[in-house]
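Here is the structure we will look at.
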């Protein structure tokens, strides 16, 4: 009993430290975003890869809405163009794999062969269809082993429609659009005002007031990351918008589509030091960060630590729940994979096809929720300690 008074200061000190400590990421300003709950910035970002496309066909309004419902911090989209210069959300430059184009006999004569990133591809390409024609198509699930019940139910959406989905969300949700295949788009689509794809991309963002450097007040209200595999596109738009940019990095045997640089060159310290003038982070394919041998994870590379040393975030892609995508180390458990990448490798964001799974994992394991949760937890702990102390009086 006599030791109780000496115990109390330690309890108080514990509470002070617990309530005042700050995580690696700065917390958002609660006044930003109006009455909507602000974007969390204290833990790695949950990036809905083409929406919640593990459940609903990719790049559709339903996939993005579902991702928001499931807790996404950002909804991600690939931006291409129609023949008449309208920017759309679609991953492939051709329509064959994820639409019902084969059922539209009226378009049978539109099949073409184009060179895309050094490879000849035959199919139906977005750049040969007007927006009205593209809207007549319906999207389908990319993978046969995923739910097929939504095939044929949703249209291709425009970049502007995508932006409005985020702006209409009940809380602050960021967008993460990609300048997709800019070399190909600029070859096949010409705008009447002489501007190019990158100009139209930025102008669309500006139309909706999207601006601001990373973590600025403007950015917190309407968060955006701009991404591209094409470094020249990112450098080109650097003087057109201060929104943060992410340099995407493909597999080790795929050169950059615009500058023909190797993976090894663009991940060198020299190049990271150069590109950090234009971007806030990199988005590599995850299997290049930790090589895979016979479906087992091997020794991690030092790319994440080197990127962090250059003050660059790392947002790898793509995390998927299905066994065919999970390496043997993870025992067919996506939560084990999330734990590995977040807590061992230390990434700053994750592109996932299953937004809900990542959100649940982070809710269950996060050391810090939002300010309100912290206040509630601290109050409950103080109440318990008060009851404990009162029992000694």
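Assorted remarks:
Let's see how each residue does on (1) loosely packed, with under 15 Cβ neighbours inside 10 Å; (2) free of Cβ contacts under 8 Å to residues at least 12 places away in the same chain; (3) touching a helix residue (DSSP H, G or I) at 6+ places or on another chain (Cβ under 7 Å):
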{"position": "122", "(1), (2), (3)": "yes, yes, no"}
{"position": "137", "(1), (2), (3)": "no, no, yes"}
{"position": "141", "(1), (2), (3)": "no, no, no"}
{"position": "144", "(1), (2), (3)": "yes, yes, no"}
{"position": "147", "(1), (2), (3)": "yes, no, no"}
{"position": "156", "(1), (2), (3)": "no, no, yes"}
{"position": "170", "(1), (2), (3)": "yes, no, no"}
{"position": "173", "(1), (2), (3)": "no, no, yes"}
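- When 68, 88, 79 are checked against the criterion of being closer than 18 Å to residue 225 by Cβ, assigned to a strand (DSSP E or B) and touching a strand residue (DSSP E or B) at 6+ places or on another chain (Cβ under 8 Å), 79 stands alone in meeting it.
- Taking the range 98-189 as the region of interest, the helices (runs of 4 or more DSSP H) fully inside it that hold 2 or more residues being within 26 Å of residue 241 (Cβ to Cβ) are 159-167, 182-188.
- Filter pass, residue 244 being closer than 19 Å to residue 271 by Cα and either without any contact (Cβ under 8 Å) to a residue 24 or more places away in the chain or assigned by TED's automatic domain parsing to the domain that holds residue 88 (or both): yes
The values are calculated or read from the model by the stated rules, or taken from the named source; none is laboratory data. Being a predicted model, the structure only gives us computed values, none of them experimental. Using ideal geometry, Cβ is built from the backbone for each residue, glycine included, and neighbour counts are taken over all protein chains shown.
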